[in-house]
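Read the structure below first, then the notes.
Bear in mind that the values in this text are calculations on the coordinates, not laboratory data. Just so we're clear, the structure is a prediction, and the values are computed from it rather than from any experiment. Note: ideal-geometry Cβ built from the backbone for every residue, glycine included; neighbour counts use all protein chains shown.
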Amino acid sequence: MREAILDNRWHDIMLWGCAFFACLYVGFGLLDELLIRLMPALGHGGRLDPRPHGRGQLRRELALSAVSVLIFGVGSVVPWGLLQLRWASLAVDPPWWRIALETFALVAWNEVHFYANHWLLHTRALKRFHAPHHHSVVPSPWSTYSFRPLEALMLGNVLLLPMLLHAFSVEAILFLPVFSILFNNVGHSNYDFLPDAERDRWWLNAARRHHLHHACFHGNYGFMFPFMDRACGTALSPDAAKAQIDRHLEHQLEQQAGHAP
Ligand SMILES: [Zn+2]
Ligand SMILES: [Zn+2]
């Protein structure tokens with residue numbers, strides 16, 4: 001695979017890149033849609049935020065995500081260019097344990113990189129560029145790549161620095177976007193896959209944490225794990241969105257009472 005990547009032409013890399021990210025977005029989006037329909041039927045978990053999605057939300061998410069797929073796909077030529085220029089290189093026949101260690105390191109780096117960029121996107125100077133992602137107050141599986149080009153460029157460069165510092169295996173490099181979209185979907189699913197209340201701050205409960213980020217806007221800037229928010233003091237309390245959800249439910253009850261005969 002290493003040779004196949006190096007021997008490709010720049011326009012093939014861009015085309016393969018667009019196809020790769022489009023498949024990830026659509027494939028994992030559909031899988032998530034299936035899961036959030038299947039789980040209630042199996043009696044496991046439940047919707048996190050009972051409020052409906054915004055008007056035109058799906059159309060807006062799909063349009064913004066299509067541009068992000070294009071940016072990620074075309075941007076694949078940058079790491080490929082680093083390899084062609086020999087500023088970076090790929091490991092030759094790495095053993096499994098090296099692939100596993102590199103994958104672990106890239107997942108940890110992705111968390112730090114995402115936190116830093118996401119925090120920056122919430123500063124006064126940049127928050128207008130991040131606002132379209134937050135138009136989805138109640139997120140959906142299609143919110144994953146729904147952001148402006150600047151955000152796609154900031155988040156999409158995650159591999160460049162590690163590749164300049166170390167010769168990674170192709171497997172670890174390709175695994176990162178797959179792992180990312182999987183957890184990105186969990187985070188935007190608005191579904192509590194781990195409903196045990198005791199596990200509110202459990203490491204893998206990204207769905208609860210990112211749902212709170214969308215509901216409250218500030219806090220919980222981490223991607224899939226909670227360690228950066230804990231270290232930087234930006235973790236939201238598990239009931240941070242309770243007041244606004246309760247208000248919505250009360251309003252709904254008032255409306256139903258108003259329509260009662
Ligand atoms: Zn945000
Ligand atoms: Zn989000």
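Sum -39500 (n - 2.57) across every DSSP H segment of at least 4 residues in the chain, then divide by the residue count to get the 222 nm mean residue ellipticity, nearest 500.
Value at 222 nm, helices only: -20500 deg cm²/dmol.
Using a 10 Å cut-off on Cβ atoms, rank the peptides 67-76, 163-172, 121-130, 143-152 from the highest mean neighbour count down.
The densest-packed peptide leads the list: 143-152, 67-76, 163-172, 121-130.
Which cross-chain or sequence-distant (5 or more) residues have an amide H under 5 Å from the amide H of Gly54, H modelled 1.01 Å from N in plane?
For Gly54, the qualifying residues are Val137, Val138.
Any chance you could run the full-extension gain for Leu253 through Arg9? It's 0.36 nm times the residue separation minus the Cα-Cα distance, nm to one decimal.
Net length gain for the segment: 81.8 nm.
Along each principal axis of its Cα atoms, how long is the chain end to end? Whole angstroms, biggest number first, please.
Here the spans come out as 74, 43, 35 Å, largest first.
Compute the length gained on full extension between Asp239 and Leu42: take 0.36 nm times their separation in residues and subtract their Cα-Cα distance, giving the result in nm to one decimal.
68.3 nm
Just to confirm my numbers, what's the Cα centroid distance between the stretch 217-240 and the stretch 11-37 in Å?
28 Å
Given the Cα atoms of the stretch 131-188, and with Rh set as the inverse mean 1/r over their pairs in the Kirkwood sense, what is Rg to Rh to two decimals?
1.05
Once each part is reduced to its C-alpha centroid, what is the distance from the stretch 90-123 to the stretch 129-167 in angstrom?
Rounded to whole Å, the Cα centres lie 15 Å apart.
Enumerate the whole-percent occupancy of each 10 Å bin, from 0 to the last occupied one, for all C-alpha pair distances of the stretch 1-125.
For the stretch 1-125, the binned pair fractions read 10, 23, 37, 21, 9, 0 percent.
Sorted from largest to smallest, which semi-axis lengths in Å does the alpha carbon gyration tensor of the stretch 103-225 give for its equivalent ellipsoid, taking the root of 5 times each eigenvalue?
Here the semi-axes work out to 23, 19, 12 Å.
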